[in-house]
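A short worksheet on the structure shown next.
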Amino acid sequence: MARRQKIKKPDMWGQYKAAERRVGYDAQSRAEWLLQFRGLDLPKIPEEGQEGVRWDAFSFTHPLERTEIIAMGWGEDDLPSWDDVRKAQRAFWVMLGVFRRGHNYYLKLGSWKAVMSVKDRPIRGQPLTWELPFRDAFLIRVYLDLTEFGNKGGRLRFCERKSCGRPFLAKAKHKMHCSESCARAERTKRWRQKNREKFREYRKQLYAKKIKATLGAKVTPQRSHAKDRA
Ligand SMILES: [Zn+2]
């Protein structure tokens, strides 16, 4: 019964998008969906109504980009079974019960732990990383900080100057270089490129004029003549 049911291929994307709309896209509507999910009387939902709930739970749990869904190939990440959904709801009830009694909730997933608290303030969460290997703890911190930075509109970019490529935090949307000196170097390079073409064009015209002057009209300038004749 707890076996995962495969998602039928053809309308998966449509089903997923519909569930995503029901769950919502921002933190507020997702939190609202979660409390609504908490109140569902799952044992009373008839079989034909279960699929929608399973899709909602799936979409809430895996907010994905379309490209990710395609890359995933769908077969691997299946729709949760009805049993999975009920277990998830029960686990959430336990969490809420802990909050209600004014305690912190400790989340333990394998060797990964986190603590959540709602006491007298907005919900806070903190991963408890000291039991992990240092590298893993470090990467969890990097993940948390950089995604939070990104969610608040922060941009991590790499300097567009080829010889540099250094990572930098772009304060403005249009900033493409790590420093003023790299930006200046690139501007100079671009200016030179542009003007080199202009200069070449100018020299070609000058050469044509000279040829015309010495050999008379209707001669097309060809540079290699001197060598051919020799
Ligand atoms: Zn740079």
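Quick notes
- Meets criteria (modelled with pLDDT under 85 and surrounded by 10 or more Cβ atoms within 10 Å (Cβ to Cβ)) for residue 165: no
- With respect to the stated conditions, residue 80 is surrounded by 11 or more Cβ atoms within 10 Å (Cβ to Cβ) and at pLDDT 85 or above.
- Some residue of the range 138-149 being closer than 25 Å to residue 95 by Cα, among the aliphatic types (A, V, I, L, M) and surrounded by 14 or more Cβ atoms within 10 Å (Cβ to Cβ): yes
- Cβ separations smaller than 6 Å between residues 6+ apart or across chains give the following pairs from the range 32-56 residues that are farther than 14 Å from residue 90 by Cα to residues that are not in a helix (DSSP H, G or I) and not hydroxyl-bearing (Ser, Thr, Tyr): 33/24; 54/79; 54/80.
- Within the range 116-144, residues that are closer than 15 Å to residue 105 by Cα have Cβ atoms under 7 Å from residues that are loosely packed, with under 11 Cβ neighbours inside 10 Å and small (Gly, Ala, Ser) in these pairs: 119/102, counting only partners at least 6 apart in sequence or on another chain.
- Pairs where the first residue, in the range 159-175, is more than 19 Å from residue 146 (Cα to Cα) and the second is of a type in the set (Asp, Glu) and within 12 Å of the ligand (Cβ to nearest atom), C-beta under 8 Å, 6+ apart: 160/186; 161/186
- When residues in the range 141-196 are screened for being within 12 Å of the ligand (Cβ to nearest atom), farther than 30 Å from residue 127 by Cβ and of a type outside the set (Lys, Arg), 15 of them pass.
- Residue match in the range 141-158 (condition: over 30 Å from residue 113 (Cα atoms) and modelled with pLDDT of 85 or more): yes
The values are calculated or read from the model by the stated rules, or taken from the named source; none is laboratory data. Since the model is a prediction, treat every value here as computed from it, not as a measurement. Because the Cβ atoms are built from the backbone with ideal geometry, glycine has one as well, and the counts that use them run over all protein chains shown.
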